[in-house]
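Novice: The structure follows.
Only the coordinates and a few stated rules stand behind these numbers; no lab work does. Given the structure is predicted, the values throughout are model-derived calculations rather than measurements. No Cβ is skipped: glycine too gets one built from the backbone with ideal geometry, and neighbour counts run over all protein chains shown.
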Amino acid sequence: MKKLNLLSQIMIGIIIGITLGLIFGKNIAGIKMVGDIFLRLVQMAVVLLILGAVIEAIGTLKSNQLGRMGVKTILLFLGTTAAAAVVGLGIGYLSNPGLGIRMSQTTTHMATVHTTLAKTILNFIPENVFASLASGNIIQVIIFALFFGTALHMLNANGHFQGVLTGIHELNQITIKIISLIMKAAPFGIGALIANVVGSNGLTVILPLLKFLFTFAVGTGLFLGILFLIVHLYTKVPYKTLSQGFSRMIVVALTTTSSAICLPIEMQDAKEKLGVDQQTADLVLPLGMSLNSNGLAMFLSLSCLTLAQLYHLNFGLPFMTKTVFLAILVCFGTVVVPGGGLLL
């Protein structure tokens, strides 16, 4: 009998989780611990994976590749993040998710966090890399890895530091093996998380938000479709191959809502299913996890427009431009814990 692949196992886990949540309701809340253990196990190894992968990717690049790839990567991140924010505004204006809803007249006071561009940039720089590793501050870990990898690349020009590079490569292989073992528990962990959500809230909890969620889903599908088309035209990779290569990433992303949890799957499938060069995958994907949150950019711009419509506020071109700019800024160094975008 043919063994089910991980994607099929995760889908079965999701279905079982929904069923258990509907049957047992709030009594199934204790199962959440299984999901939390799974998430923590993955997060335990992800920071080390990012550190090692970025260092190895830069350390093994040829001198003429380092600057060119870095510039192309940043431009790509900026372009897709801005495009996602614009799509969010566009689909919001077409569907008007905030109109037709009567808001309570009760004034709600919300705590706001004031920050500046200078402070945001300063927070990218680690004071102590060990503290950054311990706290899981991904963007600071990446900044350190970029400097470490660049220094190693320069010092290893004549092969004198090849032993260090080999050691990092071997450490990366061990980390990947750890994550591959942890991912065997993904169907149980994800199923438990889904069971708890459905059991605690029921399926009707999303009814008041259906219009917003539907609009966001359409925008996400449209944006993914455009990206798939661009990738297909540029690489000549068939749509079937692209859909198969991205299937596991999409399912894990939907069920865990965490870029960090998805990263090991992304790195594996990018190399094995999509044929992405190892150096490119090891450098671009960890950077993209923190610096290229297109879904978050779309969510933020659509949320701003929806709130403006709810309270009948003027949301003209100046505010639209400011929203797109802020979405790009916020998505640089975003939180990668499950649901972390909600904190922004």
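Novice: Would you calculate the separation in nanometres between label points at Leu75 and Leu326, each defined as 7 Å from the Cα along the Cα-to-beta-carbon direction?
Specialist: Here the answer is 3.0 nm between the modelled labels.
Novice: Note down the nm distance, to one decimal, between modelled labels 7 Å out along Cα→Cβ at His312 and at Tyr239.
Specialist: 4.4 nm
Novice: Which of Leu193, Leu210, Leu146 has the fewest other C-beta atoms within 10 Å, and how do the rest follow up to the most?
Specialist: If I rank by nearby Cβ atoms, fewest first, I get Leu210, Leu146, Leu193.
Novice: Can you return the lysines within cross-link range of Lys62? Criterion is Cα-Cα under 22 Å, with same-chain partners fewer than 8 residues away left out.
Specialist: Lys72, Lys271
Novice: Within 10 Å of each candidate Cβ there may be at most 13 other Cβ atoms; applying that plus a DSSP loop requirement, which trypsin sites (Lys or Arg not before Pro) in the stretch 1-33 survive?
Specialist: Qualifying residues, ordered by number: Lys2, Lys3.
Novice: Determine, from the Cβ-Cβ distance of Phe214 and Asn123 and an R0 of 25 Å, the FRET efficiency 1/(1 + (r/R0)^6), rounded to the nearest 0.05. Numbers along the way, then the final one.
Specialist: Numbers: r = 35 Å, r/R0 = 1.40.
Step by step, r from the Cβ atoms, then E = 0.10.
Novice: Would you calculate the volume per residue, in Å³, of the smallest convex hull containing every Cα atom of the chain?
Specialist: Output value, Cα hull per residue: 173 Å³.
Novice: Is there a quick way to get the dipole size of the chain? I mean about its Cα centre, with the Cβ of Lys and Arg at +1 and of Asp and Glu at -1; what is the value in debye to the nearest 20?
Specialist: Dipole size: approximately 600 debye.
Novice: Now for a different question. Given +1 on the Cβ of Lys and Arg, -1 on the Cβ of Asp and Glu, and no further charges, what dipole in debye does the stretch 17-82 carry about its Cα centre, rounded to the nearest 20?
Specialist: Values: 6 positive and 2 negative charges, 23 e Å.
Here the stretch 17-82 has a charge dipole of around 120 debye.
Novice: What is the order of Leu49, Leu133, Leu229, fewest Cβ neighbours within 10 Å to most? List each step's numbers first, then the result.
Specialist: Numbers: Leu49 22, Leu133 17, Leu229 12.
Lowest to highest Cβ neighbour count: Leu229, Leu133, Leu49.
Novice: Rounded to the nearest 500, what is the 222 nm mean residue ellipticity of the chain from helices alone, with -39500 (n - 2.57) per DSSP H run of 4+ residues and division by all residues?
Specialist: Working: 14 runs with 251 residues, N = 344.
Calculated at 222 nm, the ellipticity per residue is -24500 deg cm²/dmol.
Novice: OK, next. Of Val46, Val141, Val231, which is the most mobile in a GNM of the chain whose springs link Cα atoms less than 10 angstrom apart?
Specialist: Fluctuation is largest for Val231.
Novice: A further question on this structure: Between Leu227 and Asn5, what is the label-to-label distance in nm when each label sits 7 Å out along the Cα-to-Cβ direction?
Specialist: With each label point 7 Å from Cα toward Cβ, the separation is 2.0 nm.
Novice: With angles folded into 0 to 90 degrees, how steeply does helix 138-155 sit against the dominant principal axis of the chain? Use alpha carbons for both and round to 10.
Specialist: Between helix and principal axis, roughly 20 degrees.
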